[in-house]
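K.L.:
Before I ask anything, let me first share the structure, which is written out below as structure tokens.
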Amino acid sequence: MSKMWVTMGPQHPFSHGLWTLKVQVDGEVIQDAEPVIGYLHRGWEKECENRTYPQIIPMADRLCYSASMTWSHLYCKVAEEAMEIEVPERAQYIRVIADEICRIQSHLMWLAAMGTDLGNLTIFLWALREREWFLDLNVKLCGQRLTTNFPRIGGVRNDMPYLFERDLMRVVDLFEKRLWDIIALTDDNAIFMSRMQGVGHVTRKEAANLGLTGPSMRGCGVNFDVRRDDPYMVYDELDWEVAVCDDGDSYGRYKVRIEEMFQSCEIIRQAVAKMPDGPTRVKAPRNVPEGTHVARLEDPRGESLMYLVSDGTDRPYRLKVRSPIFVNVSASKRLVQGGRMADVPAIMGTIDMCLGETDR
Amino acid sequence: MAMKYLDKYPKNNSRHLWVLKSFYTTFKQIIKTTRHRPVTIMYPYEKEWIPDYYRGRPGLVFDKCVGCGICERICPTTCIEMVEVDDAKAGKVVRPQVNVGRCMMCGYCAEYCPTKAMITTPEYELAAYTREGLIFDPYQLAYEGHNEEMQVHMHEHLLSDLQKGITDNPVNASLVDRPALDDAKCIGCSRCAKECPVGAVEMIVVGENDKGKPIKRPKFDEAKCIACEKCVMICPKDALALKEVL
């Protein structure tokens, strides 16, 4: 009888960033939902057309504050493909290590936000405490905590500093122990489990139709990871497994992310052991030959893609960003439909919203 | 599907004993803190350790700078402006001035600086009362106690070198890229020689024209040149172009 539209956001604790979720409720059950984005539009793509190729790398950091390393890596990857230069092997290993540090700290940021969404502040404090180690590793590696500006077209900014490997191994070993504590805090918590299990259910087929990528897709049983199935850098030389969960609900997505953090530790450990000596950076030409190029890689949030159109000058003609969250948030209607109003934070939190890359 | 790590988490009831573990941790911490000083950092009075190569505000070593303007051109936010200063030692020279309010601390100015005059300082407390107070002139940019760690080095390798198997020859653009002259376009105006910040361009007489006046052509001192492209940009007839070595 009384269907009502409720606007959640843009200032709402559940919306991690500036976006609005309009939900139509019938009593407490959600009938319809519509995401409204665009509050953070900065004209990023247009801005890039005005900059030379090296100048875009620090801008790519600003697409997403917790996945800055992967975004600038992706930009360098597409520029390298356009310039047809091959990255030295040591630089490839350093990039893999940097990407995995970024993935772990991004997932920890998600875990912290998820904890506060469900009213558990201990998860927030513990996850952010462990995240601090990885940010300290970022400081040691490239001199900044979040806006790393580390990958360069043709390699990386600098070689690993003195004793960085020792610090990295210490952090990874300690983090694996502490992660079990966080798992004990969530998996043994009846409130956490009952709020996460069985809400926001998506089947494997629907996930494919909606275009979900990343942990949201792997949480519904789709066994696909760009790192394994379209290997870039040296991921195919390392022995690791893709985390896949058949549950398809919020808890499945949570499990995939936790497992991915363990796998990232494994990747870091192997990459440090296998890393060869050698140069870390190749001199890149200033101009890019005419043509169109596409590169993709596995972001912490999903599959990110950049499309570069160059016209032979030192500035890109067009740089298109395919953000994983832009696609994932369009699935929010399917995710929250049929659920309860109180479940919306528990469902949308597992999407791991990031508005910087969505609105660009 | 199996989770390699997460499945190891015990599902029996004894896992609830983890509560005791946190009691143990707390007890350990109590003993530790009573014997040692607290871990809290009293921020304004004591600060956390950061490495020397931390990317804070840009700094300038005044004596090393030649005023080539590479930092001005590479800056993504165009916060660097070359201003003329009247220095007691060096006389009237051109030096960078940084609008720190717009700086994004990317460290590009220090990375691309051919003489390592720009550095990244570990200074991060940059509050000011006015916007004008954030515009750092070349003397304010100086950083007390700068060391080699604050310089950013660009160790690039040529692709042609790597294909030949040479891996111990680090170069960068200011070492290998040199301006090349298109002789047909040059009118011998010698603006490039006046503009060159390091005095690498010398005008030499190569002959006489029909009226008996000398024809001048620039000669580049390859060792002195830092590939700043100032001559390329000032050239009125586009006779100069930077030749990239790859």
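The values are calculated or read from the model by the stated rules, or taken from the named source; none is laboratory data. If you're wondering where the values come from, they're calculated on a predicted model, not measured in any experiment. Glycine gets a Cβ as well: all are built from the backbone with ideal geometry, and neighbour counts include every protein chain shown.
K.L.:
Taking the stated definitions as given, is A:Val242 in contact with a Lys or Arg (Cβ under 8 Å, 6 or more places away or on another chain) and crowded, with 17+ Cβ neighbours inside 10 Å?
P.N.:
On the way: in contact with a Lys or Arg (Cβ under 8 Å, 6 or more places away or on another chain): yes; crowded, with 17+ Cβ neighbours inside 10 Å: yes.
Against the criterion (in contact with a Lys or Arg (Cβ under 8 Å, 6 or more places away or on another chain) and crowded, with 17+ Cβ neighbours inside 10 Å), A:Val242 qualifies.
K.L.:
Can you spot a residue in region B:152-165 that is over 25 Å from B:Pro44 (Cβ atoms), in contact with a helix residue (DSSP H, G or I) (Cβ under 9 Å, 6 or more places away or on another chain), without any contact (Cβ under 8 Å) to a residue 40 or more places away in the chain and among the charged types (D, E, K, R)?
P.N.:
The answer is yes, given that some residue of region B:152-165 is over 25 Å from B:Pro44 (Cβ atoms), in contact with a helix residue (DSSP H, G or I) (Cβ under 9 Å, 6 or more places away or on another chain), without any contact (Cβ under 8 Å) to a residue 40 or more places away in the chain and among the charged types (D, E, K, R).
K.L.:
State yes or no: is A:Val256 closer than 18 Å to A:His107 by Cα, in contact with a Cys (Cβ under 6 Å, 6 or more places away or on another chain) and within 13 Å of chain B (Cβ to nearest Cβ)? Give the steps one after another, and end with the answer.
P.N.:
Numbers: closer than 18 Å to A:His107 by Cα: yes; in contact with a Cys (Cβ under 6 Å, 6 or more places away or on another chain): yes; within 13 Å of chain B (Cβ to nearest Cβ): yes.
When the stated conditions are applied, A:Val256 passes them.
K.L.:
Say whether the condition of being among the hydrophobic types (A, V, I, L, M, F, W, C), farther than 30 Å from A:Tyr75 by Cβ and buried (at least 17 other Cβ atoms within 10 Å of the Cβ) is met by at least one residue in region A:128-135.
P.N.:
To start, the set of residues in region A:128-135 that are among the hydrophobic types (A, V, I, L, M, F, W, C) comprises A:128, A:133-135.
Filter once more, keeping what is farther than 30 Å from A:Tyr75 by Cβ: none.
No, because not a single residue in region A:128-135 is among the hydrophobic types (A, V, I, L, M, F, W, C), farther than 30 Å from A:Tyr75 by Cβ and buried (at least 17 other Cβ atoms within 10 Å of the Cβ).
K.L.:
Of the residues that make up region B:39-54, is at least one outside any helix (DSSP H, G or I), under 19 Å from the mean Cα position of the chain (by Cα) and of a type in the set (Asp, Glu)?
P.N.:
Yes: one or more hits.
K.L.:
What are the pairs with Cβ atoms under 6 angstrom where one residue, in region B:170-182, is more than 11 Å from chain A (Cβ to nearest Cβ) and the other, located anywhere, is in a helix (DSSP H, G or I) and of a type in the set (A, V, I, L, M)? Sequence gap at least six, or different chains.
P.N.:
Between residues of region B:170-182 that are more than 11 Å from chain A (Cβ to nearest Cβ) and residues that are in a helix (DSSP H, G or I) and of a type in the set (A, V, I, L, M), the close pairs are B:Pro179/B:Val232.
K.L.:
Here's a follow-up. Of the numbered conditions (1) more than 22 Å from B:Glu195 (Cα to Cα); (2) away from chain A (no Cβ under 14 Å); (3) not aromatic (Phe, Trp, Tyr), B:Ala90 satisfies every one except a single condition; which is it?
P.N.:
In the conditions (1) more than 22 Å from B:Glu195 (Cα to Cα); (2) away from chain A (no Cβ under 14 Å); (3) not aromatic (Phe, Trp, Tyr), B:Ala90 misses (1) alone.
K.L.:
Follow-up. Cβ-Cβ distance below 7 Å, separation of 6 or more or different chains: which pairs start in region A:71-86 with a residue that is among the charged types (D, E, K, R) and end on one that is not in a helix (DSSP H, G or I)?
P.N.:
Close Cβ pairs (under 7 Å, with a partner that is not in a helix (DSSP H, G or I)) amount to A:Lys77/A:Tyr232; A:Lys77/A:Ala295; A:Lys77/A:Leu297; A:Glu80/A:Val87; A:Glu80/A:Ile153; A:Glu80/A:Gly154; A:Glu81/A:His293; A:Glu81/A:Ala295.
K.L.:
Which ones in region B:51-74 are more than 14 Å from every other protein chain (Cβ to nearest Cβ) and either crowded, with 18+ Cβ neighbours inside 10 Å or of a type outside the set (Lys, Arg) (or both)? Full working, then the answer.
P.N.:
Start the filter on region B:51-74 by keeping residues that are more than 14 Å from every other protein chain (Cβ to nearest Cβ), which leaves B:60-69.
Those that are more than 14 Å from every other protein chain (Cβ to nearest Cβ) and either crowded, with 18+ Cβ neighbours inside 10 Å or of a type outside the set (Lys, Arg) (or both): B:Leu60, B:Val61, B:Phe62, B:Asp63, B:Cys65, B:Val66, B:Gly67, B:Cys68, B:Gly69.
K.L.:
Could you please give the count of residues in region A:168-191 that are surrounded by 14 or more Cβ atoms within 10 Å (Cβ to Cβ), over 23 Å from the mean Cα position of the chain (by Cα) and either part of a loop (DSSP other than H, G, I, E, B) or away from every other protein chain (no Cβ under 11 Å) (or both)?
P.N.:
2
K.L.:
Please find, within region A:148-167, the residue that is farthest from B:Glu149 (Cα to Cα) out of those that are basic (Lys, Arg) and within 11 Å of another protein chain (Cβ to nearest Cβ). I'd like the intermediate steps shown before the answer.
P.N.:
Taking region A:148-167 and keeping what is basic (Lys, Arg), we get A:152, A:157, A:166.
From what's left, within 11 Å of another protein chain (Cβ to nearest Cβ): A:152, A:157.
Working: A:Arg152: 20, A:Arg157: 15 Å.
Selected residue: A:Arg152.
K.L.:
Moving to a separate point now. Of all residues in region B:185-199, which are charged (D, E, K, R) and in a helix (DSSP H, G or I)?
P.N.:
Taking region B:185-199 first, the residues charged (D, E, K, R) are B:185, B:191, B:194-195.
Selection gives B:Arg191, B:Lys194, B:Glu195.
K.L.:
Of the conditions (1) within 14 Å of the chain's Cα centre (by Cα); (2) at pLDDT 90 or above, B:Cys106 clears all except one; give me its number.
P.N.:
All conditions are met except number (2).
K.L.:
For region B:106-157, which residues satisfy the criterion of being among the acidic types (Asp, Glu) and more than 10 Å from chain A (Cβ to nearest Cβ)?
P.N.:
B:Glu123, B:Glu125, B:Glu132, B:Asp137, B:Glu144, B:Glu148
K.L.:
Separate question: Among the residues of region B:123-151, count how many are in contact with a Gly (Cβ under 6 Å, 6 or more places away or on another chain) and crowded, with 19+ Cβ neighbours inside 10 Å.
P.N.:
Count: 2.
K.L.:
Next question, about the same structure. So, in region B:207-230, of the ones that are part of a strand (DSSP E or B) and of a type outside the set (Val, Ile, Thr), which residue ends up surrounded by the fewest Cβ atoms within 10 Å (Cβ to Cβ)? Please lay out each step first, then the result.
P.N.:
Going residue by residue through region B:207-230, those that are part of a strand (DSSP E or B) are B:207-208, B:214-220.
From what's left, of a type outside the set (Val, Ile, Thr): B:207-208, B:214, B:216-220.
Working: B:Gly207: 8, B:Glu208: 10, B:Pro214: 12, B:Lys216: 18, B:Arg217: 16, B:Pro218: 23, B:Lys219: 14, B:Phe220: 19.
Residue satisfying both the conditions and the ranking: B:Gly207.
K.L.:
What number of residues within region A:129-145 satisfy the criterion of being in contact with a helix residue (DSSP H, G or I) (Cβ under 6 Å, 6 or more places away or on another chain) and either at the interface with chain B (Cβ under 8 Å from one of its Cβ atoms) or in contact (Cβ under 8 Å) with a residue 60 or more places away in the chain (or both)? Quick ask: steps written out before the conclusion?
P.N.:
Initially, region A:129-145 is screened for residues in contact with a helix residue (DSSP H, G or I) (Cβ under 6 Å, 6 or more places away or on another chain), giving A:130-131, A:133-134, A:137, A:140, A:145.
In the following step, the residues that additionally are either at the interface with chain B (Cβ under 8 Å from one of its Cβ atoms) or in contact (Cβ under 8 Å) with a residue 60 or more places away in the chain (or both) were identified as A:140.
Count: 1.
K.L.:
Would you be able to tell me the number of residues in region B:84-100 that are over 12 Å from B:Ile135 (Cα atoms) and surrounded by 13 or more Cβ atoms within 10 Å (Cβ to Cβ)? Give the steps one after another, and end with the answer.
P.N.:
Kept after step one, since they are over 12 Å from B:Ile135 (Cα atoms), are these residues of region B:84-100: B:84-95.
If we keep only those that are surrounded by 13 or more Cβ atoms within 10 Å (Cβ to Cβ) as well, we get B:85, B:87, B:90, B:93-95.
Number of matching residues: 6.
K.L.:
Would you check if A:Asp229 is under 18 Å from the mean Cα position of the chain (by Cα), in contact (Cβ under 8 Å) with a residue 60 or more places away in the chain and more than 13 Å from chain B (Cβ to nearest Cβ)?
P.N.:
Values: under 18 Å from the mean Cα position of the chain (by Cα): yes; in contact (Cβ under 8 Å) with a residue 60 or more places away in the chain: no; more than 13 Å from chain B (Cβ to nearest Cβ): yes.
No.
K.L.:
Would you confirm whether any residue within region A:252-264 is closer than 24 Å to A:Ile351 by Cα, surrounded by fewer than 24 Cβ atoms within 10 Å (Cβ to Cβ) and in contact with a Ser or Thr (Cβ under 6 Å, 6 or more places away or on another chain)?
P.N.:
no
K.L.:
For region A:210-226, which residues satisfy the criterion of being touching a residue at least 24 places away in the same chain (Cβ under 8 Å), within 11 Å of chain B (Cβ to nearest Cβ) and either of a type in the set (Ser, Thr, Tyr) or surrounded by fewer than 21 Cβ atoms within 10 Å (Cβ to Cβ) (or both)?
P.N.:
Across region A:210-226, the qualifying residue is only A:Gly221.
K.L.:
How many residues does region B:231-246 contain that are closer than 20 Å to B:Ile187 by Cβ and surrounded by fewer than 20 Cβ atoms within 10 Å (Cβ to Cβ)? Break it down into steps so the answer makes sense when it comes.
P.N.:
We begin by selecting, within region B:231-246, every residue closer than 20 Å to B:Ile187 by Cβ; these are B:231-242.
Restricting the remaining residues to those that are surrounded by fewer than 20 Cβ atoms within 10 Å (Cβ to Cβ) gives B:232-234, B:236-238, B:241-242.
Summing the residues that are closer than 20 Å to B:Ile187 by Cβ and surrounded by fewer than 20 Cβ atoms within 10 Å (Cβ to Cβ) in region B:231-246 gives 8.
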